[in-house]
1. Collect the residues in region 160-182 that are farther than 11 Å from residue 216 by Cα and part of a strand (DSSP E or B), keeping them in residue-number order.
2. Select, from 59, 98, the only residue that is in a loop (DSSP other than H, G, I, E, B), in contact with a helix residue (DSSP H, G or I) (Cβ under 7 Å, 6 or more places away or on another chain) and without any contact (Cβ under 8 Å) to a residue 24 or more places away in the chain.
3. Return yes when residue 60 is over 18 Å from the mean Cα position of the chain (by Cα) and modelled with pLDDT under 95 and no when it is not.
4. Does region 199-211 hold any residues that are free of Cβ contacts under 8 Å to residues at least 60 places away in the same chain, buried (at least 17 other Cβ atoms within 10 Å of the Cβ) and within 30 Å of residue 32 (Cα to Cα), and which are they?
5. Between residues in region 1-13 that are over 11 Å from residue 42 (Cα atoms) and residues that are modelled with pLDDT under 95 and in a loop (DSSP other than H, G, I, E, B), which pairs lie under 6 Å by C-beta distance while being six or more apart or on different chains?
6. Return yes or no: is residue 191 more than 18 Å from residue 16 (Cα to Cα), assigned to a strand (DSSP E or B) and without any contact (Cβ under 8 Å) to a residue 60 or more places away in the chain?
7. Could you check region 16-33 and list, in sequence order, the residues that are touching a residue at least 40 places away in the same chain (Cβ under 8 Å) and either in contact with a helix residue (DSSP H, G or I) (Cβ under 8 Å, 6 or more places away or on another chain) or within 26 Å of residue 118 (Cβ to Cβ) (or both)?
8. Which ones in region 122-153 are more than 22 Å from residue 63 (Cα to Cα), under 18 Å from the mean Cα position of the chain (by Cα) and free of Cβ contacts under 8 Å to residues at least 40 places away in the same chain?
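The values are calculated or read from the model by the stated rules, or taken from the named source; none is laboratory data. This is a predicted model, so every value here is computed, not measured. Here Cβ is always computed from backbone atoms with ideal geometry, including for glycine, and neighbour counts include all displayed protein chains.
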């Protein structure tokens, strides 16, 4: 493992959209397999991998609530969407020889283990891929917050937030061609500038527990492999003060 990537236990935060073609919903098995293949590269380098997946390709609780659905009901439906995605990733991972466990915060014994912190840590110690599903098990919390919470609980050293852009920008790069990408930025400045990298609860939890976040583009093939091999990609968000632009 590269000295420029000193982490031996990571939490990979995937959006549900990483399982679907751009602008579409549902699950594309080929895209899921590509993610699984990048996870395998991490595992083969001795990195413990935990994963939290969103459910936006199936249903976004916040969006459904805005359309008139009861917010708690919509959030529970979104949590079930994350379980569907977790099972899809488990299937893809096991097809390429990885041993995985899905742990759900919402009890569903027929398809997943219940979330138990000590059990999850034991799986990671055995180099099994642990996929956390069902969010926190509570409405009104995002999967970003789930990622920060689980990373803290199971002693992950970094959160790798996989997105559709190659880092954090000072404005929306899809709307502003002059948007500048941050190479490094602090938690405090991310909150102050309201960059919406992750929700405020997740950022505050990472800041309090000193868990850095690296935001990178998962849609660019091989990017996760380049990252763990020390490539200088994405944006690092950490406790260190100061802003550095690309």
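1. Result: 169, 181, 182.
2. Working: 98 fails: without any contact (Cβ under 8 Å) to a residue 24 or more places away in the chain.
Sole residue among the options that is in a loop (DSSP other than H, G, I, E, B), in contact with a helix residue (DSSP H, G or I) (Cβ under 7 Å, 6 or more places away or on another chain) and without any contact (Cβ under 8 Å) to a residue 24 or more places away in the chain: 59.
3. It is false that residue 60 is over 18 Å from the mean Cα position of the chain (by Cα) and modelled with pLDDT under 95.
4. Within region 199-211, 203, 206 qualify.
5. 2/229; 2/230; 4/230; 5/230
6. Judged against the criteria, residue 191 is not a match.
7. So the first thing to find is which residues in region 16-33 are touching a residue at least 40 places away in the same chain (Cβ under 8 Å), and the list is 16-19, 22, 27, 29, 32-33.
Once the filter is applied, which keeps residues that are touching a residue at least 40 places away in the same chain (Cβ under 8 Å) and either in contact with a helix residue (DSSP H, G or I) (Cβ under 8 Å, 6 or more places away or on another chain) or within 26 Å of residue 118 (Cβ to Cβ) (or both), region 16-33 yields 16, 18, 19, 27, 29, 32, 33.
8. Scanning region 122-153 gives 128, 153.
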